[in-house]
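Any read-out appearing in this document is the output of simple, stated calculations on the displayed coordinates, not a laboratory observation. The shown structure was predicted, so the numbers you read here are calculated from the model rather than taken from an experiment. Positions of Cβ are backbone-derived with ideal geometry, glycine not excepted, and every protein chain shown enters the neighbour counts.
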Amino acid sequence: MSGDIPKVKITRAVARLLKMIFVSGKLVFFCEAVIVVLCSLLPVMTAFLWQRILERMDRPPAELFVLFLSMAISGGLMLSNGYFREVFDTIFRNTVAGNMQKRVHEKAQRLPMDDYEDAALNDLLTCAGEKFFYGDVLGFIIEGVYAVQVLISIVLTGCLVWGYHPALELPLLGMLAAQVLGIRLNKKRTELDLALVPMKRKQEVYKEYLTKHENIKEIQSLGAHTFFREKWSSALREAMTFEERVSRKIESLRAAEDVLKRLAVIASYLLCVILAERGMVGIGQFGALILLMQQFQNSSSDFVERIQYVHASAVHVQNGIAYFELPEEQRERSLKHSVSEITLEGVSYRYPQAESAAVENISMRLKKNEIVAVVGKNGSGKTTFSKLVSGLLVPTEGNVYFDGIPSSEIENGSLYSGTTAVMQDFVRYCMTVRENIILGDCEKPVSDEAIEKLIRDMRITFVSGKTGITLDTDLGVEYGGMELSGGQWQQLAILRAKYKDADLVILDEPTAALDPLKEAELFSAFQQMCRGRIGVIITHRLSMCSFADTVLFMDKGKILEMGSHRELLARGGAYARVYQRQAEMYKSE
């Protein structure tokens with residue numbers, strides 16, 4: 001079990017993220033760095049060219065033409081920077097995102113299955129998959145790159161202005177102070193939005209009572225329309241009063257920000273005029289300074305906005321890198337032959353954060369050509385037992401041996417290649433019927449004749465010319481395909497399991513959505529399916545245990561009784577009592 005989520009400092013997270021992006025796309029990374037430097041120079045270059053033009057108005061037309069053309073190119077590139085960067089950023093995202101997502105998928109295959117049972121770690125896995133693919137992590141990098149570009153431009157502008165006259169730095173500091181006030185303003189806006197969420201949610205609840213069709217009849221019959229209308233009005237007044245009070249503070253900050261910005265700009269222009277009148281700066285320098293002041297104001301505002309986004313998305317970077325630092329399973333042994341026996345010795349398993357064990361101190365053997373039925377009420381540990389037997393979970397105590405080799409040492413690919421299962425929460429794949437079946441063994445050559453024979457052998461009738469559902473039929477309404485019933489999806493999952501030639505066959509509540517006749521047919525097919533294999537079936541219907549060689553009756557993670565169906569009935573214990581209750585229930589129906 002991997003344990004807690006790794007703690008990653010933001011500096012280390014960013015450094016590792018940059019390394020991963022560099023490895024994922026060296027060429028685009030290099031191009032991005034070159035573009036950052038060139039684009040950061042454009043504002044200063046444009047101002048410098050404008051200065052040269054104003055200083056050389058008496059020069060030959062050819063020289064002026066070259067200067068004007070150079071400035072036009074520089075200014076044009078600066079204006080079109082956003083459009084150009086958008087195109088390149090799309091290329092950057094597409095190149096890097098695909099490679100990054102591939103890393104996420106590969107990492108997921110190397111993690112212990114325990115991680116998927118831990119809520120916090122499972123959230124981390126989900127977050128990593130979403131954020132590393134056109135998500136906030138790439139947004140962090142893109143916005144961070146823009147911020148670096150703007151920062152370089154700001155620093156170069158400040159240095160150039162200082163070179164003209166140090167006093168000109170004062171209005172620049174005033175512009176920066178206005179941006180700091182803007183950060184405070186944005187924080188207030190965010191606080192307001194967050195505070196209004198529960199108030200607006202309360203309004204929505206009362207509005208639904210008053211307007212939704214399924215609620216109106218009951219509200220009218222209760223005569224409660226006025227009651228809920230007053231509730232809605234009260235919630236509305238509460239939200240409006242709060243919003244107005246906070247908005248006054250926000251607007252005061254906005255006014256102060258605007259005043260400070262304008263004062264800083266006016267002061268910068270006025271100072272430039274004074275310096276020009278006193279001959280401390282020339283006409284060319286004066287023109288360049290006016291342009292630089294404008295660019296500094298725009299750049300500082302842009303820089304603050306991007307830094308705010310970078311700061312907000314930094315947590316996703318930390319979580320994403322924490323995902324990549326989760327401990328991986330180290331399994332190196334492989335199964336080079338078919339498994340004939342699975343042995344459990346003192347096996348216990350406790351889920352992360354759980355107070356008690358889901359399975360406790362189980363010892364037994366599962367042999368080839370035998371079927372083991374596992375029964376018990378919900379929460380008795382049946383599904384956990386099946387995951388331990390298949391190797392999906394590694395015991396927290398004891399060992400599960402595959403022909404003498406502990407499951408914790410067997411490489412996943414080797415371990416799972418000999419196992420096929422239909423779990424309780426099987427996946428409904430939005431693909432064709434054929435693809436849903438061959439997923440059971442993607443390495444096997446596809447043969448429609450073999451698939452159709454399998455369908456007949458398993459007595460599946462919904463895939464036929466009469467129903468209009470063929471092997472080429474797309475399934476799943478999400479992508480415009482046909483939707484199946486719950487029982488049909490379940491039959492398809494069983495077909496997928498049968499398609500694989502495995503040593504271990506596990507069915508976890510495989511017939512929950514089937515009618516009794518179809519259930520009996522599939523149990524008969526399951527018996528044939530387990531010939532020469534180890535079979536494990538999890539079921540709550542004790543009447544279906546008669547065909548099993550061994551029945552495990554579980555409760556609270558322990559095996560209360562074990563034996564054949566007839567032996568357990570003859571004992572008259574807990575299994576027999578539950579069986580009798582179920583039999584009486586079915587008779588009453």
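Remarks
- Cβ crowding within 10 Å averaged over residues, with 492-499, 121-128, 378-385 ranked highest first: 492-499, 378-385, 121-128
- Ranked list, fewest to most other Cβ atoms within 10 Å of each Cβ, for Arg459, Arg229, Arg306: Arg459, Arg229, Arg306
- Cα-based shape type of the stretch 146-185, given that a ≥ b ≥ c are square roots of the gyration tensor eigenvalues and the cut on a/c is 1.5: oblate
- Estimated from helices alone, the mean residue ellipticity of the chain at 222 nm is -21500 deg cm²/dmol (sum of -39500 (n - 2.57) over DSSP H runs with n ≥ 4, per residue).
- Charge sum, other residues only, whose C-beta stays under 12 Å from Gly481's C-beta, Lys/Arg counted +1 and Asp/Glu -1: -4
- When +1 charges are put on Lys and Arg Cβ atoms and -1 charges on Asp and Glu Cβ atoms, the dipole computed for the stretch 396-458 relative to its Cα centre reaches about 280 debye.
- Calculated FRET value between Thr473 and Ile290, using beta carbons and R₀ = 60 Å, to 0.05: 0.30
- Residue-count net charge about Asp501 - beta-carbon cut-off 11 Å; Lys, Arg +1, Asp, Glu -1: +1
- Kirkwood Rh (inverse of mean 1/r, distinct Cα pairs), the stretch 275-376, angstrom: 22.3
- Estimated FRET transfer efficiency (Glu411, Lys7; beta-carbon r; R0 35 Å; 0.05): 0.70
- Kyte-Doolittle mean at least 1.0, axial Cα span of 30 Å or more - DSSP H helices of the chain: 26-55, 136-164
- Note on the stretch 324-372 and the stretch 304-320: Cα centroid distance 42 Å, given to the nearest whole angstrom.
- Whether the stretch 524-589 is rounded, prolate or oblate, judged on the alpha carbon gyration tensor where a/c under 1.5 counts as rounded: oblate
- Label separation (His225 vs Gln330): 7.3 nm, computed from points 7 Å beyond Cα along the C-beta direction.
- Here's the list of aspartates and glutamates a cross-link from Lys466 could span, going by alpha-carbon distance under 16 Å and ignoring same-chain residues fewer than 8 apart: Glu452.
- The stretch between Ser356 and Leu454 holds 31.0 nm of extra length on full extension. This uses 0.36 nm per residue minus the Cα-Cα distance.
- Length-normalised contact order of the chain in % [C-alpha pairs under 8 Å, at least 6 apart]: 16
- Cross-link pairs beyond the 19 Å C-alpha cut-off, checked among Lys377/Lys556; Lys387/Lys558; Lys188/Lys231; Lys368/Lys498; Lys368/Lys556: Lys188/Lys231; Lys368/Lys556
- Each 10 Å bin from 0 upward holds the following percent of the Cα-Cα pairs of the stretch 166-280: 13, 25, 18, 15, 12, 9, 6, 3, 1.
- Per-residue Cβ neighbour rank within 10 angstrom, fewest leading, Arg110, Arg350: Arg110, Arg350
- Extension gain, Val148-Ser247: 0.36 nm per intervening residue step, less the Cα-Cα distance, totals 32.3 nm.
- Each of Leu181, Gln220, Ser252 was placed along the dipole of the stretch 166-280 (beta-carbon charges, centred on the mean Cα), and the one lying farthest toward the positive end is Gln220.
- Extension gain, Glu55-Leu236: 0.36 nm per intervening residue step, less the Cα-Cα distance, totals 58.8 nm.
- Rounded FRET efficiency, nearest 0.05, which uses the C-beta distance separating Arg434 from Thr461 and R0 of 25 Å: 0.90
- Cross-link partners of Lys200 among aspartates and glutamates (Cα-Cα below 14 Å; sequence separation of 8 or more within a chain): Glu208, Glu238, Glu243
- Distance between modelled label sites at His165 and Lys207, nm, 7 Å Cα→Cβ extension: 5.7
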